[in-house]
Amino acid sequence: MAKTKVLERKPLSLAERTYLPQIASGLKTTLGNMLKPNVTLQYPEERPVIPENYRGVPTLVRDPEGREKCVSCQLCEFVCPPKAIRITPGEISEGSDTEHVEKAPEEFEINMLRCIYCGLCQEVCPEEAIFLQDIFSVSGYSREEMINKKDKLYELGGTLPDRHRKWDKKKAAEINGPAHH
Amino acid sequence: MDWIPNFLLPFFYAVTMIVAVMTIAGYSVLAERKVSGWIQHRVGPNRTALPIVGSIPIIGPFLTKLGIFQPLADGLKFLFKEDIMPGHVRKGYYFAAPIIALVPALTTMVVLPFGQYVDADGVTQPLVLANVDIGILFILAVSSLGVYGIVLAGWSANSKYPFLGGIRSSAQMVSYELAMGLSILPVFMWAAAPGADYGLSLYGVVRSQDGLWLGIWQPISAMIFLIAVFAESNRLPFDMAESETDLVGGFHTEYGSFKFGLFFVAEYAHIVIGSAVFVLLFMGGWNFLPFVASPWPDGVIGAVLSVLWFLFKIFAMIFFFIWVRWTLPRFRYDQVMRLGWNILLPLAVGNLIFNALLIAIHDRL
Amino acid sequence: MSADAKAETITINVDGVDREVPKGANLIDAIEQLGEEIPHYCYHPKLSVVGNCRMCLVELGMPMRDRATGEPVLDDDGVQKIGWMPKPGIACSTTVAPGMHIKTKSQVVKDCRNGVMEFLLLNHPLDCPICDQAGECRLQEFATDYGRGYSRYTEAKNVKPKRTRIGPRIMLDDERCILCSRCIRFSKEIANDDVLGFIDRGSYSTLTTYPGKQLENNYSLNTVDICPVGALTSTDFRFKMRVWFLKAVPSICTESSVGANTEVWSREGKIYRITPRRNDAVNDTWMTDSGRALYKQVEADNRLRAYQVDGKASSFDAAIAAAIAQMKQGKTAVVASARASLEEQFLLSQMVEATAAVRVDMVSHYGDGDHLLLSEDRTPNLRGALLTGLINDLPDARLDGLGKAIDAGEVDTLFVVHEDLAAAGLTDAQIAKVKVIYAGIEENSSSANAKVSFPLLTVFEKEGSFVNQNFRVQKFHNAIPAPRGVVYDLHLLETLRAHMVGESPTRPTVPAVWELMAQKITCLHGLDFRGLGDLGVGVDAGRFASLPFVESKNLKHDPEKRSKLGVEAGATA
């Protein structure tokens, strides 16, 4: 049998039995709280500080030259746990400036009714084209409105600096030919 | 042409009084929300703005931030909401209940004095609609009628939660009515000594407190009365009739829109009246401070000052009501009954006997 | 390999464990049969061995024997010593020999693979995000297994042409090419169209076509399949969908009576491509380009999509009622189809019985064969119609007999499956004389004149089986859902039959129909649908073996020993 220790409950004193001191101390606590400054943020006017690594609405970004970075590899569509992403891959027509990239999304949809803001799409993207940025407030009047199309995604995403410039280097190499000629 | 002072003037006074009490009740709701907000580190209503008043520089935003216009919006909302009546209610009683709840609350204010006026002849007159000798009896009698509204609402809604709420409410009212009545007897025993010319008039009670407030030398009476007022007005920690955690909304579960609004106003009117009565009985009414002679000058200015001081005390009491609500949790129902019957009633009886003996001894000396 | 080689096995020692492998087998194939894999790029079981990728290097050794005496050399424990070759050798050009020892997991082997991978990846572009091969790329797979994960190569990568059209259906990306030469060998050895070759040397080596030539034969897309990387891509499938989304369902090519085994790759009810599935008794690992395009009939413009009565869309029940009312008037003739599956032909023959049809005709569809994987008979299931007893002799290209019967007033109602009556030689007057009930995939002259039209399903939307040129029964599976509201062909035929005899119709499943067929058709005795397996079962042609079928000699078909081959293939499967 398990060893048990019985703790005797101390009998209440007379003052305690009237409860009046307890009520008084409760009133003191609430009054004290009332006099402290409140912590409410007046939301639409005041905005919270969004931390650097915040995971907001997923967006598509362009590189500093304005080229859409997404090449529609569909890895995000694959990895997306709630299947919120839907990509129609497309080919970049010959003669375009970014012809050497070959592939770009024809349509890119993120269903914000499904998105769970997990950030896996950003993590998996080999082209650093999709980012969960600081937008956290999404609303719409219909289901269709809640599906972010390609235009909207680029509008939300804007331009981010590019550290690698992989495709620029590629184009330069194509123009200059093999390095060790 | 004496129908003007005989009929029109009292009517005008009555309307003014109703408007004043209703306004105070409305702003009590606002105070409730603001104070609860502050106590919980929130801000409370601070968005509602009137079109023109709200855009006055500095004052407009300040008033908006205080939520001054919120009761207007709330009132309009209650007025214009769709009036839904469930199909299973007992119609006549269902409609009558909110009125029955509100009317006694407003009726009691007829006998409430709210200031004094010293006229040119140096005669002090009370500011009251009807200075009846049995003022306190009238208040006790009429205000306890308010429970019929609640019971009727609970019963006529014809569904289980309102029914339970109504039952609880009536039992609670009966229990605390006794202690309340007994608790103020000593006050009048002292205030209305044989030969004194005050009787049971509230004005008389206030007059008797121009030196010592009754709350100070009859603290047990004051405390019992205060607790009973809490119970009678169905305020937390005694809001067994509503008890939204276990009874959904209690007696007004099936009520909505304007009819609910009436219940709502009635509850706050109860608080206002209860605060006023408590201030009159135990906090010296419009008397300035204990042992300090009222500095009100004669004439209209003095009357206004006395009324303002009286109102200030009422507001303090209302604040106390709100403060307690956001401090104490709700009692269990058996605790409510035990407190009423086992503690407050014997205490009030003991207090009565003690004071009776004291008066007997005092008279012998 | 032949059936004999499979029966005879020898013992080799793989990584210290003695294993049984077929005698005379290639080492890579032998190891694969053991359920393991030696990584390789240039080796392909159906092509000649060149050994130029060096990925399949393994350590090889034979038990030592004294050169002078031929006596086994024993070590101190009395066990025969193994003479390991001083350097690793390539598995693809090694034939298994009794007692052979190989090491596939030793440090030396791993180092070899690491080295080969590093060299292959030196100039390989970082194209995976835009490369169609990603997901089924051998280079990707072996890079994860043996790659070092980062590059030591600081110089600029080689630049080569990235978008060369080397044929109407093929796009070449030279940067991705690892010079395995599979495509060159395929064109030369299998397709007999020697158009590909390498030019330049060293890291400038480039795949190209001979001047003035293109890779345009009807087998060109097989080079895309066998390309281990994404150098050769199909223009039809290019950038359409990533392969990891696609679901592959085993199916049968309906282009001709060869019955090439295929895989149908679809996502969410849309087919993206068809690739060949290895079946050494039918098509090895190849198929025609034209057969790969057949999935387009699913979304073709002239697809019949709704039940129609008198040219107006109607419900299934109304169409059935109209058809039954028409057929009950008697004098019904049936035009069956060699495009229907075996099960449908069987149910059709049941329906013919129930209807007491006056005659059953069939139309042949013949064309030129290429003596490889496109036979002269352009229907997948002519032999099925024979087996199920719908017809007893080979059909003609024209319905002249039926035409005469119509002229003679012997036929009032014509139940047509798939066939186009006008194209099959009936005149407008003849068609106008009868009431046509048409069931088919597409709209044609039959449906235009039909009193009742029933949409049928494509091979991708149902399951069933075909009997190919060698009397091999092969099954196909449901890859995508049927168009909305269209019932399975079997359900339609069973409903018609049941109504004709006054029974209440059931919803027949393919296995259930097979149970019936196995009882009624002699050569199918003992078979069931599941038992067909993925590779099919050859059945006895019986009395039909002597019919003058049109197929000439092709990859796996020899008219001279037709019946023998069929039986033999059945035995091996």
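We did not get these values from a lab; they are worked out from the coordinates using the rules stated. From a predicted model like this one, the values you see are computed outputs, not experimental measurements. Note: ideal-geometry Cβ built from the backbone for every residue, glycine included; neighbour counts use all protein chains shown.
Treating each Cα of region C:11-85 as one equal point scatterer and applying the Debye formula with no solvent, the log10 of I(q)/I(0) at q = 0.12 Å⁻¹ comes out as -0.46.
Normalised by the number of residues in chain B, what is the relative contact order in percent for Cα pairs under 8 Å and 6+ residues apart?
Relative contact order comes out at 22 percent.
With 28 Å as the cut-off, how large is the P(r) tail for chain A, expressed as percent of Cα-Cα pairs? Result for the distance tail: 50 percent. Size descriptors for region C:307-564, from the alpha-carbon set: Rg then Dmax equal 17.8, 51 Å. Across the alpha-carbon atoms of region C:1-142, the computed radius of gyration and Dmax are 17.6, 62 angstrom. Evaluated at 20 °C with a viscosity of 1.002 mPa s, what Stokes-Einstein diffusion coefficient in µm²/s does region B:57-141 have when Rh comes from the Kirkwood expression over alpha-carbon pairs? So the translational diffusion coefficient is about 121 µm²/s. Between the helical axis of C:510-520 and the longest alpha-carbon principal axis of chain C there is an angle of about 70 degrees. Within straight-line reach of residue C:433, meaning a Cα separation under 18 Å, sit the following lysines at least 8 residues removed in sequence or on another chain: C:328, C:331, C:404, C:451. Rounded to the nearest 0.05, the FRET efficiency derived from the C-beta distance between residue C:546 and residue C:189 at R0 = 30 Å is 0.30.
For region C:150-204, the ratio of Cα radius of gyration to the globular rule of thumb 2.2 N^0.38 Å stands at 1.37. Sorted largest first, the spans of the alpha carbon positions of chain C along the three principal axes are 93, 56, 41 Å. Kirkwood radius and radius of gyration were both taken over the C-alpha atoms of region A:57-159, and their ratio Rg/Rh is 0.96.
Before anything else, pin down the relative contact order of chain A: Cα pairs under 8 Å, at least 6 apart, normalised by residue count, whole percent. Computed over chain A, the figure is 24 percent.
Using only C-alpha atoms and all pairs of different ones, pull out the Kirkwood radius for region C:242-341 in Å with one decimal. This gives a value of 16.6 Å.
Note on residue C:433 and residue C:400: the model spin-label points, each 7 Å out from Cα along the C-beta direction, lie 1.6 nm apart. Kirkwood hydrodynamic radius of chain B, from the reciprocal of the average inverse Cα-Cα distance over all distinct pairs: 21.9 Å.
Only loop residues by DSSP count here, and only those with at most 11 other Cβ atoms within 10 Å; note down the chymotrypsin sites (Phe, Trp or Tyr not before Pro) in region B:287-358 that meet that. Don't jump to the answer; show the numbers that get you there.
Numbers: sites: B:288, B:291, B:309, B:310, B:312, B:315, B:319, B:320, B:321, B:323, B:326, B:331, B:333, B:341, B:354; in loops: B:288, B:291, B:326, B:331.
The qualifying sites are B:291.
When C:104, C:388, C:262, C:9 are arranged by Cβ crowding within 10 Å, least crowded first, meaning fewest neighbours, the order is C:9, C:104, C:388, C:262. Pairs over the 18 Å Cα-Cα cut-off, from the set B:77/B:259; A:171/C:240; C:46/C:87: A:171/C:240; C:46/C:87.
Taking 1.002 mPa s as the viscosity and 20 °C as the temperature, the Stokes-Einstein diffusion coefficient of region A:108-172 based on its alpha-carbon Kirkwood radius rounds to 157 µm²/s. Taking the convex hull of the alpha carbon positions in the protein assembly as shown and averaging its projected area over all directions gives 80.8 nm².
Under 25 °C and 0.890 mPa s, how fast does region C:425-560 diffuse according to Stokes-Einstein, given a Kirkwood radius computed over C-alpha pairs? Answer in µm²/s, whole number. Intermediate results must be reported in sequence, preceding the final value.
Details: Rh = 17.8 Å.
Here the translational diffusion coefficient equals 137 µm²/s.
Relative to the longest principal axis of the Cα atoms of chain C, the long axis of helix C:316-327 makes an angle of roughly 60 degrees. As a length-normalised measure over Cα pairs under 8 Å and 6 or more apart, the relative contact order of chain C settles at 10 percent.
So how do A:137, C:375, C:349 line up by other beta-carbon neighbours within 10 Å, fewest first? Numbers along the way, then the final one.
Details: A:137 9, C:375 28, C:349 24.
In order of increasing Cβ crowding within 10 Å: A:137, C:349, C:375.
The residue A:14 and residue B:359 beta-carbon pair, evaluated with R₀ = 25 Å, returns a calculated FRET efficiency of approximately 0.35.
Restricting region C:175-275 to trypsin sites (Lys or Arg not before Pro) that sit in a DSSP loop and have at most 10 other Cβ atoms within 10 Å of their own Cβ leaves C:201. Extending 7 Å from the Cα toward the beta-carbon at both residue A:171 and residue C:297 defines two label points whose distance is 4.6 nm.
With only Lys, Arg, Asp and Glu charged, each at its Cβ (+1 for the first two, -1 for the last two), find how big the charge dipole of chain A is about the Cα centre; round to the nearest 20 debye. Let's see the in-between values first.
Working: 26 positive and 28 negative charges, 360 e Å.
I would put it at about 1740 debye.
In terms of its Cα atoms, region C:118-299 spans 53, 39, 30 Å along the principal axes, sorted from long to short.
Could you state, as a whole-number percent, how many of the C-alpha pairs of region B:193-272 are farther apart than 20 Å?
Details: 1676 of 3160 pairs.
Of all Cα-Cα distances in region B:193-272, 53 percent exceed 20 Å.
Cβ-Cβ distance of residue B:258 and residue A:45, R₀ of 35 Å, FRET efficiency by 1/(1 + (r/R0)^6): the value works out to about 0.55. Computed over the alpha-carbon atoms, region C:269-390 gives an Rg to Rh ratio of 1.04, Rh here being the Kirkwood radius from the mean inverse distance.
Going by neighbour counts of Cβ atoms within 10 Å, the residues B:296, B:286 line up, fewest first, as B:296, B:286.
Counting only trypsin sites (Lys or Arg not before Pro) that are in a DSSP loop and have at most 11 other C-beta atoms within 10 Å, tell me the longest site-free stretch of chain A.
Of all site-free stretches, the longest is A:10-82.
For region C:477-552, how big is Rg over Rh, using alpha carbon atoms and the Kirkwood form of Rh?
Details: Rg = 16.1 Å, Rh = 15.3 Å.
Ratio value, two decimals: 1.05.
Under 18 Å from a point placed 7 Å out from the Cα of residue C:164 along the Cα-to-Cβ direction: which residues of region C:43-60 have their backbone N that close? Under cut-off, by backbone N: nothing.
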